[in-house]
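In what follows, a structure is listed as structure tokens, so that the remarks can point back to it.
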Amino acid sequence: MTTHPFQFDTLVWDWPIALYLFVLGIASGLVLVALGLQRVLPPAQRRWFAWRAAIGAPLMVAVGLTVLVFHLTHPLSFWYVMVFYNPHSVMSLGVMLFQLFFLALALWWLRLGYMWLNARAQQYPQGAVGALLRLLVRVGRWLSQHYRGHNVILGLLAVLLGVYTGFLLSTLKGYPLLNNGVLPLLFLNSGLVSALAVLSLFPSLSRSAPEAIAVLHRWEIGCVLLEVLLLTAFFFSLYVGGGAQTAAALTALSGFWGTVFWVGVVGLGIALPLLMTLRPAHSRSAGVALACVALLSVLLFRFFILYAGQMVIA
């Protein structure tokens, strides 16, 4: 019997969830990359990455939540989940994580922009507006003096967001491929790959942060090699598990979704970047094309895991 790759009896979650997982991975990766570059770049170049992460990460989360809300059966009831928490629900814990993440990012904006706010505050020496601006300036200045602790909190929340996308799929009980302990690490790593690709697409990168280009390239190759190890561990643990786990691995690596994996994930996402290391110098257009291919590969990986993971039940 032929099973349609996008429509089958055991399917519970469909394509909007894959998009949701994709943009959350970008948000997590942007923050982690920006924080990781704090130690290796001059101050001006650090700020270039910090601002793009501070703006891009909440934007990606907002896009993901919008997709998720409109995919719900009763989208207008989503506010209930944001107010009433259930500590036994992975979805509810995820909403709590989003709120903490947004708060940490808002404080990051204050830390980065308090000097600009201070200039605006000078225009309002009296009144409520000036008082509010001066309060924000004091908070931002304090955060800049204690940036190490704030960076630790930001990094921890970003890591939790990255692995959360993998844990979320584990709520679908009985699907061996989705209930694998390596999956959260795979999603965290692929989120880093997608964030590196997004940052590479900015035309001002070579002008504003020239020293970062080589660093980003080394990190990209490191993430690709790590992905090889994680994918090997992921499918090996399934294959040797026997029964439904072995069936899940063999089913995922064959048929339509097997083609998506071998061509889109392994071919475009692993083999192509490694081959390009043999030719380290390439044009701006080639770099943009590689970044787009990397994003496509990560998106295909999300679709592959979501759909192929629901084809076999234990």
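Below are the figures for this structure:
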| item | result |
| --- | --- |
| Segment 216-248 and segment 1-65: distance between their alpha carbon centers, rounded to Å | 20 |
| Pairwise label distance in nanometres, residue 289 with residue 206, each label 7 Å out on the Cα-Cβ vector | 1.5 |
| Dimensions (Å) - segment 118-277, Cα atoms, principal axes, largest first | 72, 39, 26 |
| Solvent-accessible area, 1.4 Å probe, carbon plus sulfur percent, for segment 248-314 | 78 |
| Projected area averaged over orientations for segment 1-75, convex hull of C-alpha atoms, nm² | 6.9 |
| Spatial extent of the chain: Rg and Dmax, with the Cα atoms as the point set, Å | 21.4, 76 |
| Inverse mean reciprocal Cα-Cα distance (Kirkwood Rh) of segment 1-42, Å | 13.3 |
| J(HN,Hα) series, segment 299-314, from Karplus relation 6.51 cos²θ - 1.76 cosθ + 1.60, nearest Hz, glycine and proline x | 5, 5, 5, 4, 5, 4, 4, 5, 7, 5, x, 9, 8, 10, 10, 5 |
| Those GluC sites (Glu not before Pro) in segment 174-260 that DSSP places in a loop and that have at most 15 other beta carbons within 10 Å | 211 |
| Gained length - residue 92 relative to residue 259, 0.36 nm times residue gap less alpha-carbon distance | 56.6 nm |
| Segment residue 85-residue 66, extension gain: residue separation times 0.36 nm, minus the distance between their alpha carbons | 4.9 nm |
| Accessible area in the full protein assembly, largest first, 1.4 Å probe, for 83, 182, 224 | 83, 182, 224 |
| Accessible area per residue in Å² at 1.4 Å probe, computed on the chain | 49 |
| With eigenvalues of the C-alpha gyration tensor scaled by 5 and rooted, segment 135-212, Å | 33, 21, 9 |
| Estimated inter-spin distance, residue 173 and residue 250, nm [label 7 Å along Cα→Cβ] | 2.8 |
| FRET efficiency estimate (nearest 0.05) - Cβ-Cβ, residue 236 to residue 148, R0 25 angstrom | 0.05 |
| Inter-site label distance for residue 78 and residue 225 at 7 Å from Cα along Cβ, in nm | 4.1 |
| Accessible-area composition of segment 111-174, carbon plus sulfur, in percent [1.4 Å probe] | 68 |
| Longest segment of the chain lacking chymotrypsin sites (Phe, Trp or Tyr not before Pro) that sit in a DSSP loop with at most 14 other Cβ atoms within 10 Å | 86-314 |
| Calculated FRET value between residue 103 and residue 38, using beta carbons and R₀ = 25 Å, to 0.05 | 0.80 |
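The values are calculated or read from the model by the stated rules, or taken from the named source; none is laboratory data. None of the values given here were measured: they were computed from a predicted structure. Using ideal geometry, Cβ is built from the backbone for each residue, glycine included, and neighbour counts are taken over all protein chains shown. Just so you know, the surface numbers come from the protein's heavy atoms only, side chains and all, with ligands and any DNA or RNA stripped out. Shrake-Rupley method; radii C 1.70, N 1.55, O 1.52, S 1.80 Å.
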